[in-house]
Each structure stands twice: as structure tokens, then as C-alpha cells.
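Read through the structure below, which is laid out as C-alpha cells, and then see the notes.
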Amino acid sequence: MLVGLLILGVATAATLTLTALQDNINLFFSPTEVKQGKAPEGRTFRLGGMVVDGSVERSATDLNVSFDLTDTAEVVTVKYAGILPDLFREGQGIVTTGSIENGIFVAREVLAKHDENYMPPEVTDALKKANAKQYQTNGGVKNDS
Amino acid sequence: MNHPSHSESSDRSASRGSKWRWLHRFGSPAWMYGFSGRWAPRFAVVSAILFVIGLYQGLVIAPPDYQMGDSYRIIFIHVPSAWLSMFSYFVMAVAAAVGLVWRMKVADITARSIAPLGAIFTFCALVTGSLWGKPTWGTYWVWDARLTSELILLFLFIGYIALHDSFEDRRTGARASAVLAIVGVINLPIIHFSVEWWNTLHQGSTVTRLDGPTMDTSMLIPLLVMFVAFNFYFASVVLNRLRSRLLEHERKTNWVREVVHG
Amino acid sequence: MAEFFHMGGYAFFVWSSYAIVFIAFVYAFVSPLLHHQRVLTELRKSTQTERKTKVVATQSPAATPD
């Protein structure tokens, strides 16, 4: 009897939690979802994506910074005034909190998303060199980031 | 030969044929008490040696990460803690289920012995993750699916302990909490796959990938050493907890009298 | 050596993680050992008083069923 009631209680709680989470469990919206109008208008939400290479513009006088975020399909421009995390750099995945104002995402907070790769600096240096060689042979610009 | 006390279930299963005879010893509190007394210290020694090797390799030998510098060294304790938090829960739920189905006292005491340790591993995983998240992501905490489901795991451990101990009759508590433990298993795949199923701030799996770990060998080796050390530590502590609880629960039996005076 | 403790500027995060886990693990390891000792001494005491009052333990020598 007691056990039956408990199963019922736990099952109900689990179902309710899961359905409640269903809408909110995704931490962030992608630029594509924003362009499709799936992100809440005029309200604060999280936007996640990769910082587009070469899009970061820092102000010379204050902490204002602007950059483009992409999910490789769509691009959203982000404006932010504040200190960026250590891992913020071009090509890096980030998650930012803020809202859309006049088509531009005004960020209140910027968080860096780490990838699942771990390696020593020497390895990446070697990889970069290999990449740079490819760039040069292709006549491309050398990537110094 | 004078056999010490058996629980009713072990007597029943013993008659089922020699194939499962070795298993029924685990149902005997006296045998389990001796078994844990022999193996807990050995596991502790193995784990201590591996801890020294793993810590030296992880903190001194392993190179810094190309992006995170030295802060990534937290993963050498974070990843094994997180793994053991889930593994403890799984073992606890299996033991609780065995106790529920076959009315096995030792299984229930095992489950109850694992619970606090599982809670400690979960706590360690959350705290170390938080201390790694601040320099890496820029925040101590975020309500993403991975972090939230791991926090729910902590509540499940605490809930299990609270429910188990909240009844006058030990068997009622064991049955009620076993049901909670079994239902809570649903959280384990949610934790593991949360980083694939939903958008999370937490990155995807590094070690348990189909295409092999995406980690340099110089970092992977200390992680694996620490991982094995954590598992031996877990085994040693669970056996010690089980041992002291068996003694307490069986205080009125002959074998405990023999232990106390022998 | 100083460089080792500095952890490339992440000393606070790295060392506090390791310290918390260390304390938690030592506690989790020691507490069942202490508990075992406590139960043993308690049982020894209770059986001693039993013997003093000459109540020989003839009742319930069998195992308590679950």
C-alpha cells in the first residue's frame, strides 16, 4: 500500500518535472532559432553559438565589444560591455544572456563554452603550423589567432 | 562445522543448486563481515598507491592545456568523482532492488552503506565542477541540463537516506527507499546524455566517445590512473561501511558475540 | 616549486578543489572505521555488564531472522 503510493508519487513528480523541463531544458537558443522567431521577443534569453572569425571589434576607450555569433547557418550580432571570460576568442563556442534590441543582441553576461578537446600547447602549435602552411599554399591569409 | 547465522533467503537460494552456491555467501552477514574485513584494507592500499602516482602525474608531469592552462587539472578529480557518483547510484539501486525482491538484509545494508558515499562523490563532482567552471566558462553555476541533473542525483541520495531511516521498522524503510532508488535510476542516462540531447554549457563527452577519447595521452593516462584509484577507494570505503553496519544490525547474533570476544 | 603552487594563476581554483575533495575523502574513509570501533567497544561493555549480573545468555542464541 505504502509502496504503491510512493511509486505513484514519484512517478507523478518525475512526469511533471520532465514536462516542465521540456520547454526550458535547452540552455540557449541558436542564431537560426532567433531568426525563425522562436526566441522570446523583448524578453531576456540565452543565445549560443560560435564567435565568427575576424568579427570581434573592441572599443579602444572602454570595455564595449561587438562580435557575430553563428551556428554555421545564421548570424546574430552581439554587443557587450564588460569583462570577457578567459576562454573567449574567435572560433570559440559561447553562451550569452541578454535580449534582442533592434535586431542586435544586447548581452548582459557572456560565458565561454569549452569543447571536449584537451591537449598540450605544443600539439596545437604543431597543428597551427600545419594549418598555416596549408593557408600559404592555398594563397590564403595566415591565421595568427 | 558450525555455520553462523543465515538470513532466510540465503537458506532458500542455497538449495537451488551448486551453480549459485557461491552467490549465497554474500547473503550471509557473518561471511560478508569477514570478507569485507579482509578486502577493505587491501583495496585501500591499492587505491593509496594509485592516488600518489595519479596525483604526481596529473599535477606535475602532465602539460598544461592549450586553452585552459593549468585550471584543467581539476578534471583529474572532477571526472572520476562524477563517474563514481553515477556508478555508486547504480550499484546502490541494484543492491536495493535485490533487497526488495529477495528480502535480503545484506543487500539492503549494502545499499544503505553506499548512499552517503555516493552523496559525497556527487558533492565533490558539483563543487570541483563549479570551481573549474568559474575560470573556464565565467560562472560558478548555470542551470543547464547536465548540472541540474547532477544536482538532482545529490537530492536522490539524500532522499534515499532520509526515507530509509524515517521508519521505526527497518524493513519498511528498506522497502520504501528501494522503490525510490529504483525509480531514480532514470536520472542516470539523463545525466550522461544530457550534453547530447540538449543545448548545455557543459561540453560533450571526452573519454567515452565512439571515435575514441579527444584528449592527449599525456593527460589521459593520469586521468585513467585517478579513475582506477577512485574505484578502489570506493570499494574499500563501501566494504568498511558495510562491515560496521553489519556489526551494529546483527548485535544479538552468535557470530557477533564471537567477534566481540574472539 | 613556487611555479607549481601558482598553477599558472589558477591556484585558488585548483588547490581549493583538491583540498575539498581531500577533506571529504579522508572523512568518508575514517568515519566507518571509527563507527566500527565504537560499536565494538559498546558491545564489549554491554556483554560485560551482562556477565556481572550473571544473566547467562542462554536465551535467543539463534540468529535473529530478518
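The values are calculated or read from the model by the stated rules, or taken from the named source; none is laboratory data. Note that the coordinates shown come from a computational prediction; the quantities given were computed from them, not determined experimentally. Here the Cβ is made from the backbone with ideal geometry for all residues, glycine too, and neighbour counts use every protein chain on show. Side chains included, ligands, DNA and RNA excluded: accessible areas come from the protein's heavy atoms. Shrake-Rupley method; radii C 1.70, N 1.55, O 1.52, S 1.80 Å.
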**Item:** Area of B:Arg103 that stays accessible when all protein chains are in place (1.4 Å probe, Å², to 10)
**Value:** 130 Å²
**Prompt:** Per 10 Å bin, what is the whole-percent P(r) computed from every C-alpha pair distance within the stretch B:32-261?
**Reply:** 8, 28, 32, 21, 9, 2, 0
**Prompt:** Taking the alpha carbon gyration tensor of the stretch B:13-155, what are the square roots of 5 times its eigenvalues, largest first, to the nearest whole Å?
**Reply:** 38, 20, 10
**Item:** Surface share of carbon and sulfur [accessible, 1.4 angstrom probe, percent] for the stretch C:2-47
**Value:** 74 percent
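In debye, nearest 20, what is the charge dipole magnitude of chain B about its Cα centre with +1 on Lys and Arg Cβ and -1 on Asp and Glu Cβ, if you could check?
Working: 23 positive and 16 negative charges, 236 e Å.
So the dipole magnitude of chain B works out to roughly 1140 debye.
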**Complete:** iface A-B | buried accessible area, total | probe 1.4 Å | Å², round 100 | 3200 Å²
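Which of the pairs A:Lys79/A:Lys113; B:Lys105/C:Lys52; A:Lys35/B:Lys134 have their Cα atoms more than 21 Å apart in this structure? Present the calculation step by step, with values, prior to reporting the outcome.
Values: A:Lys79/A:Lys113 18 Å; B:Lys105/C:Lys52 33 Å; A:Lys35/B:Lys134 31 Å.
Exceeds cut-off: B:Lys105/C:Lys52; A:Lys35/B:Lys134.
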**Fill in**
Given the candidates B:Gly54, B:Ser130, B:Val259, the one whose Cα lies deepest towards the positive end of the charge dipole of the stretch B:32-261, counting +1 at each Lys or Arg C-beta and -1 at each Asp or Glu C-beta, is B:Val259
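Could you sort A:Arg58, B:Arg245 by their accessible area in this structure, using a 1.4 Å probe and putting the largest first?
Working: A:Arg58 160, B:Arg245 50 Å².
Ranking A:Arg58, B:Arg245 by accessible area, largest first, yields A:Arg58, B:Arg245.
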**Request:** Write down the accessible area per residue of the stretch C:2-47 in Å², having rolled a 1.4 Å probe over the full set of protein chains.
**Result:** 59 Å²
**Prompt:** Considering amide H positions built from the backbone, and no H for Pro or chain starts, which residues 5 or more places from A:Glu116, or on another chain, come under 5 Å of its amide H?
**Reply:** B:Gly204
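Taking Rh as the Kirkwood radius computed over C-alpha pairs, what is the Stokes-Einstein D of the stretch B:36-76 at 37 °C in a medium of viscosity 0.692 mPa s, expressed in µm² per second? Show your work: numbers first, answer last.
Numbers: Rh = 11.8 Å.
It comes out at roughly 278 µm²/s.
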**Item:** C versus B: buried accessible surface, summed, Å² (probe 1.4 Å, to nearest 100)
**Value:** 3800 Å²
**Prompt:** Given H placed 1.01 Å from N in the peptide plane, which residues other than close sequence neighbours of A:Leu84 have an amide H under 5 Å from its amide H?
**Reply:** none
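Rolling a 1.4 angstrom probe over the protein heavy atoms, how many square angstrom per residue are accessible across chain B? Write out the running numbers ahead of the final one.
Numbers: 10960 Å² over 262 residues.
That works out to 42 Å² per residue.
Strictly greater than 21 Å: what percent of every Cα pair in the stretch A:26-137 meets that? Walk me through the intermediate numbers first.
Numbers: 2542 of 6216 pairs.
Every Cα pair in the stretch A:26-137 considered, those over 21 Å come to 41 percent.
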